[in-house]
Every structure is written in structure tokens, then in C-alpha cells.
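Since the structure comes first, as C-alpha cells, the remarks are kept for the end.
The values are calculated or read from the model by the stated rules, or taken from the named source; none is laboratory data. None of the values given here were measured: they were computed from a predicted structure. In this analysis, Cβ positions are derived from the backbone assuming ideal geometry, glycine residues included, and neighbour counts consider all displayed protein chains.
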Amino acid sequence: MVIGQAHGRDAMSARVAVVCGASMAGLLAARVLADAYDSVIVVERDLLPDGVSQRPGVPQGHHLHMLLSSGLRILERLFPGLIADLRAGGAPTLDTRDLSLTYVEVSGHVLCRTGALADPDAMLTALASRPLLESVVRERVRALCNVSFREGHDVIGPVLSGRAVSGVQVSERGTGRQCVLSADLVIDATGRSARTPAFLAAQGFDRPVEQTYRVQLSYASQLFRVPAGAMREKVAIISPTLQRPTGAGMLAYEDNTVIFTLIGVAGHRLPTDLTEIRSAAAELLPRHIHTVLEAAEPLGTLHNRQYPASVWRRYDKLASFPTGLLVIGDAVCSFNPVYGQGMTSAALQARALQKVLANTGITELRRPYFRAAAHEIAPIWRANRLNDFAATPTTGWATWPQRALDSYTRAYMAAASTDRALTETFLRVLQGLDSGAALVGPGRVARVIANARRRTQAQVA
């Protein structure tokens, strides 16, 4: 890290915040900060596109993305009319009054696909690709009068004055010219590879403890164009099982496109050839869906990616930390991407920051913000650990709780295949509207047991 002196400002000068990274987390942070600071500067290494397109800084944008209903609710509050903007951009919506539009298979059983949910309006959906969603949010942030973008600039590191951050040093990518942007607050939103831990260590602070567990996920994605109306389903999810280390996801996107993502868990290697990917899709997807994909036009190339481990940097546990520095998004916690929670997690952290700003002003944000962010992250982290455990082969004592979990999951899904109430509970958990504890509530357990008894009686008869 290069540490310099920030340009000074007198006590009457405007309050400035700098956000490092124009990721979804960075854009949402800028939106929240715009309500509390006179000026917000977003520093981004890429030259940002004017329209909807992939950009180098978001390689994961080529893969399946879905903003969960809980995250979409937050974005709609931050940017009123956002859902309408996404629809205007062509993003399909999912009407949960018609469950046949969704195909979800877990533990070999498919969720109920007939009828409507009891509370369909609770599950807001907009099936926008990552480039479309990011472009709509970015233009909303650009429209804020006190937000500006510094594109094509690398962040070298925060600048310290004593034990407080007074700015950030940046370098123009084209010329290498460096300067310091003075700031009252700097937020690191540079993603999983963020260098804040190294900066802390270099300046004599403790690095955050990293909670981590291996995922060993591989995924391969291909975008297709399908004829309008050729496919009824807008969502298809097939989860891996203990017996089968592969799964898949498919979403309908704008412009009659469909993204198909094949996943492999526990180190399973996926094919890198489109023909082999299509063969794998034939083994996982219902025949009528695969038939459409088989005839669909591939757009662009097949994209492969590895995800070794989930990581949670526990900034909330640090005893000391520079004043005027915060971290948000994947730079705090990087979740297994198979669950599609990254953008929703960023939205939850931005909402936490908004609440802290409303309650405390801009005096000392670090402790209350990191505590609030951890409060949002913790239940997702615990649920993911349990879900990943359920699909990852293990040995020794861990096989017994894994078998018990697998047994209940199979029984739940078998019951949910004909029980709309259990299906609705599962979808609400999947969309982040309810916690995973809802799946084992007394009423749900009773329904699962009753269904299992009926199945046993039917088999005996």
C-alpha cells in the first residue's frame, strides 16, 4: 500500500465519501451515502459502459444471476420504480399465481407445480441478467446530483492521518498518474479480492479473522436465445445430491434469452465443451425443457469458473480499526454463488448502513455498521453451511447428522411435491423472505410426517 497525505479541508468544507468499486455493493453504498454526505465519489478501475453489457470487472456476470425477492424489495425502496425499469428493459417477471412456471427439484423430488401461492404478492421477482440489473442501478446512481464517478482508476489504498482515514490514493490506469482524494469516509467495495486486510496489517492493525469452509464448486454457463413462447418455464433449479455431485440452474432473461448453468460440487470437474454441457443438461433437466435448449442458439462462448471456499471476514470482531473506513459486499463475506445470494447480501448490508447513518449520523460508523452487517450475514452463513454440508460427502461422526438432514430433506420435498403450503414455505426461504428455521417449524414437521405416513400406508396397501 502507498500511504500519502490527504489534501486538507477546513472545518466548513463539504463532507465527502469515497466508494472504491462500482460493483453492485459499491453502487448501493453510494446510493445510501448520497443521503448523508455532500459529495460521493465512486472510483472504478473499469471504463463503465453506457448501456447493457458485460464488463471485465464482473467475470461472474456471465453466469446465472437472480436477485432474490428480499433483495429486490430493498432495491425498490432505494430506487422507487426500479422494478418497472427492469421490466421496461425486457426482464421477465415470475407470477407465483402459476406454479407451473417454476421447476425446482431437490433430493429427487419436484416442488408442487399446480395452483397458486397463498401470498403470491410477497414474492417479487424480476429475472434480469446481471448486466441489465447493474446498468439500471448504475444509471439511477449516476442521476443523483451529488454522486460522481472516477472511472479507469485503480485504488492504491487508503490514506491515514493518525489512526483515521482521511482519503484514498488512486492511480489513473492509462497514464499511471496518481492523486489523493480527500474523504471523511472510504468504503471498500472491491469484492472478494479486496486488500483491506493487507492494509490493516501494514498499518499495525489486526487483520480480521476469516471464517472459511471449503465448497470446491465448479460451474459452467452458456447463454442461449430461444424463440418467443418456446419455453413455458422461466426458472428451473436442480440441486446436487449426496449421490450425484452435479446440479443445474436455468433462468429466462431479457430479449428471449435463457442462461443455463451446470454446477459441480465437492471438487467434481465439469466438461468445458458445449456439446458435453448439453449432454449433461439432458440428464438433469425435464425432457421438454432440454428439447428447447438443444435447439436454441448459443450466444457467445461457454464460461467456466471455480469457487474454492466461502469466506467471512469478521470485521465486527476487531477491537481496533481506522476511523473513516468501512467494508461492504463480497469484501466482507463471499457466499457460495450457487445460492444466488451475493447481490441480496450487498443490499442487506447497504440497508444496514442506511439504518446506522439514520441512527448515529456520520460520527462513528464502524462499530454499529459492522455489527449490523454481521447480523444480516449470520443467518445466511449458517443456512449455507448446512446446505453445503448436506450435499458434500463426509466421513466419521459427521455422516450421522448428514444422514438425518438428508432424510428430513427428502421427506420434506416428497411432501412438498403435492403440498402447496410446504412448497410456499420452501420458496420463501429460497427467496430470503423467511429463515431456514421455517422448514422445521412444528406445523411443517407435522405435515411432513403425515405425508410420509400416507405414502407408507399407500405402499403397504
Check your understanding: Among the residues of the range 420-461 satisfying the criterion of being farther than 22 Å from Arg113 by Cα and among the polar types (S, T, N, Q), which is surrounded by the fewest Cβ atoms within 10 Å (Cβ to Cβ)?
Key -> Gln459
Point to revise | Residue match in the range 90-103 (condition: among the small types (Gly, Ala, Ser), more than 25 Å from Ile380 (Cβ to Cβ), in a loop (DSSP other than H, G, I, E, B) and not assigned by TED's automatic domain parsing to the domain that holds Gly329) | key: yes
Revision key, fill the gap. If we keep only residues of the range 233-270 that are assigned to a loop (DSSP other than H, G, I, E, B) and touching a Leu at 6+ places or on another chain (Cβ under 7 Å), then the residue nearest to Ser407 (Cα to Cα) is Val265
Practice item. Determine, yes or no, whether Ser135 is of a type in the set (Gly, Ala, Ser) and more than 30 Å from Thr418 (Cβ to Cβ). Key: yes
Study note, to complete from the structure: Looking across the range 250-269 at residues that are in contact with a helix residue (DSSP H, G or I) (Cβ under 8 Å, 6 or more places away or on another chain) and buried (at least 18 other Cβ atoms within 10 Å of the Cβ), the single one that is farthest from Val338 (Cα to Cα) is Glu254
Practice item. Evaluate the range 294-315: report whether one residue or more is in contact (Cβ under 8 Å) with a residue 12 or more places away in the chain, among the acidic types (Asp, Glu) and surrounded by 20 or more Cβ atoms within 10 Å (Cβ to Cβ). Key: no
Check your understanding: Looking at the range 447-461, which of its residues are in a helix (DSSP H, G or I) and either over 14 Å from Thr409 (Cα atoms) or of a type in the set (D, E, K, R) (or both)?
Key -> Arg447, Ala450, Arg453, Arg454, Arg455, Thr456, Gln457, Ala458, Gln459, Val460
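Residue-by-condition table, conditions (1) among the acidic types (Asp, Glu); (2) in contact with a strand residue (DSSP E or B) (Cβ under 7 Å, 6 or more places away or on another chain); (3) surrounded by 21 or more Cβ atoms within 10 Å (Cβ to Cβ):
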| site | (1), (2), (3) |
| --- | --- |
| Ala352 | no, no, yes |
| Lys355 | no, no, no |
| Arg366 | no, yes, no |
| Glu376 | yes, no, no |
| Thr392 | no, no, no |
| Ala398 | no, no, no |
**Study point:** Number of positions in the range 423-446 that are within 21 Å of Tyr103 (Cα to Cα) and either in contact (Cβ under 8 Å) with a residue 60 or more places away in the chain or in a loop (DSSP other than H, G, I, E, B) (or both)
**Key:** 10
Review point. So which of Thr241, Thr246, Thr261 ends up being of a type in the set (Val, Ile, Thr), at pLDDT below 90 and not assigned by TED's automatic domain parsing to the domain that holds Ala374?
Key: Thr241
Review point. Restricting attention to the range 185-201, does a residue exist that is of a type in the set (A, V, I, L, M, F, W, C), surrounded by fewer than 20 Cβ atoms within 10 Å (Cβ to Cβ), without any contact (Cβ under 8 Å) to a residue 24 or more places away in the chain and touching a Lys or Arg at 6+ places or on another chain (Cβ under 6 Å)?
Key: yes
Review point. Within the range 160-172, is there a residue that is under 30 Å from Met250 (Cβ atoms), surrounded by fewer than 17 Cβ atoms within 10 Å (Cβ to Cβ), in contact (Cβ under 8 Å) with a residue 60 or more places away in the chain and among the hydroxyl-bearing types (Ser, Thr, Tyr)?
Key: no
Revision key, fill the gap. Over the range 136-174, the set of residues assigned to a helix (DSSP H, G or I) and under 14 Å from Val42 (Cα atoms) is Val137, Arg138, Glu139, Arg140, Val141, Arg142
